[in-house]
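Q: What follows is a single structure, and I will ask about it in a moment.
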Amino acid sequence: MDKLMSPEALEIAGYIGVGLYLGSYVLLQFGVILGSGSLYSVLNLLAACFVLASLMSAFNMSSAIIQVTWIVISVVGLSRRAILNAMVRFDPDERAFIDDVFPAMPKPLGRRFLNRGNWVTFDPGTEITREGEPVANLVYLSDGQAEVVSGGQSVATLSRGLIGEMNVQAGGPASATVRVDAPSRAFVISRSALLTLGRRDSDFSALLEQALSRSVREKLAEANARASGRARGA
């Protein structure tokens, strides 16, 4: 116990606290963690505790006030977040969608996002996007089947996943026509709703960018795999 309370140990605690402060801020700026997430608050809480402990060997009232205030704010924030998370409810379709596309999204943010869109049922023959026309909505196909047609050729079949992710933010033309083959259930949110939510919440904007980029990468990998398979079979 005496070793833990020695000036050297308390000085190390101070360095650890400073490292946690700086590290959490760096992670936040690089988009590794979210400002609205619990991890950021926990890291700041630990940082304040370590720095406060270090003041036992060289007390400074102004620094102590800052650390105690930081601890109180962090605890209140974590408690508030826990209460909000407990209050938010998702139905099975919503839960599956969020887990599939936005696994790191805080529940309150997920609820705000879902409230801005609608669940719809597409009949066979419905065109979700049309090649060359502006993409007006981001669509998540939850259940069913859709054919992807590019240049008049069928290039893929979708049973689950995002549609319109490549160009929805810019409102650019669709790279392919996506036509429903069987009764399908999907979540639809307009481009304007996405942009508005992104402007108001930087955490959502970062999560959306990650989700869209991941979906594009996965589809490109699948397309390359299909092309390689055809080349080997030729």
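Throughout, read-outs are computed from the coordinates displayed, never taken from laboratory work. Since we're looking at a predicted model, the values are computed, not measured. Neighbour counts are summed over all protein chains in view; Cβ atoms, including those assigned to glycine, are modelled from backbone coordinates with ideal geometry.
Q: In deg cm²/dmol and to the nearest 500, what is the mean residue ellipticity at 222 nm of the chain if only DSSP H runs of at least 4 residues count, each as -39500 (n - 2.57), divided by the residue total?
A: Calculated from helices alone, the mean residue ellipticity at 222 nm is -18500 deg cm²/dmol.
Q: Between the alpha-carbon centers of the stretch 13-92 and the stretch 144-176, tell me the distance in whole angstrom.
A: First find each Cα centre; the distance between them is then 43 Å.
Q: Taking a ≥ b ≥ c as the square roots of the eigenvalues of the Cα gyration tensor of the stretch 7-87, is the shape rounded (a/c under 1.5), prolate (a/b larger than b/c) or oblate?
A: Verdict is oblate for the stretch 7-87.
Q: Can I ask one more? First check a/c for the stretch 87-208, with a ≥ b ≥ c the square roots of the eigenvalues of its C-alpha gyration tensor; if it is under 1.5, answer rounded, and if not, answer prolate when a/b is larger than b/c or oblate otherwise.
A: Because a/c hits 1.5 or more and a/b fails to exceed b/c, the stretch 87-208 counts as oblate.
Q: Shifting gears a bit: In the set (i) 90, 44, 32; (ii) 59, 43, 30; (iii) 76, 43, 29, which value of Cα extents along the principal axes in Å was calculated from the structure you see?
A: So the calculated entry is the one marked (iii).
Q: Multiplying the sequence separation of Glu209 and Gln145 by 0.36 nm and subtracting their Cα-Cα distance, what value in nm do you get?
A: 20.5 nm
Q: Relative to the longest principal Cα axis of the chain, at what angle does helix 61-87 sit, 0 to 90 degrees, rounded to 10?
A: Orientation of helix 61-87: about 30 degrees from the principal axis.
Q: Per-residue HN-Hα couplings for the stretch 153-165, Karplus 6.51 cos²θ - 1.76 cosθ + 1.60 at θ = phi - 60°, whole Hz, x for Gly and Pro?
A: Couplings: 10, 6, 10, 6, 10, 10, 10, 6, x, 7, 10, x, 5 Hz.
Q: Charges on Cβ only, +1 for Lys and Arg, -1 for Asp and Glu, centred on the Cα centroid of the chain; of Pro108, Ile189, Ser205, which one is farthest towards the dipole's positive end?
A: The one lying farthest along the dipole's positive direction is Ile189.
Q: Oh, and also: Tell me whether the stretch 142-220 comes out rounded, prolate or oblate; compute the Cα gyration tensor, take square roots of the eigenvalues as a ≥ b ≥ c, and use a/c under 1.5 as the rounded threshold.
A: It comes out prolate by the Cα gyration axes.
Q: About the Cα centre of the stretch 82-213, what is the dipole size in debye to 20, counting +1 per Lys and Arg Cβ and -1 per Asp and Glu Cβ, all else neutral?
A: Charge dipole of the stretch 82-213: 500 debye, to the nearest 20.
Q: Place +1 on the Cβ of every Lys and Arg and -1 on the Cβ of every Asp and Glu in the chain, take the dipole about the Cα centre, and give the residue among Leu55, Pro134, Gly37 whose Cα lies farthest towards its positive end.
A: Checking the options against the dipole of the chain, the answer is Pro134.
Q: Further question on the same structure: For the chain, give the magnitude of the charge dipole about the Cα centre (Cβ charges: +1 Lys/Arg, -1 Asp/Glu; no others), in debye to the nearest 20.
A: It comes to approximately 160 debye.
Q: Percent antiparallel among DSSP beta bridges with both residues in the chain, to the nearest 5?
A: Among the beta bridges of the chain, antiparallel pairing accounts for roughly 95 percent.
Q: Could I ask something else about it? Please list 3J(HN,Hα) in residue order for the stretch 11-17, calculated via the Karplus relation 6.51 cos²θ - 1.76 cosθ + 1.60 where θ = phi - 60°; whole Hz, with x for glycine and proline.
A: 5, 4, 4, x, 5, 4, x
Q: Right, next: Starting from the amide H of Thr129, placed 1.01 Å from N in the peptide plane, find each other amide H under 5 Å away whose residue is 5 or more places distant or on another chain.
A: Placed amide hydrogens put Val178 under 5 Å from Thr129.
Q: Let me ask something additional. Order these by the 10 Å Cβ neighbour count, fewest first: Ser57, Ser74.
A: Ser57, Ser74
Q: Right, another one. For the stretch 26-34, just list the computed ³J(HN,Hα) in residue order, Karplus coefficients 6.51, -1.76 and 1.60, θ = phi - 60°, integers in Hz, with x standing in for Gly and Pro.
A: Calculated HN-Hα couplings, in order: 4, 4, 5, 5, 8, x, 6, 10, 9 Hz.
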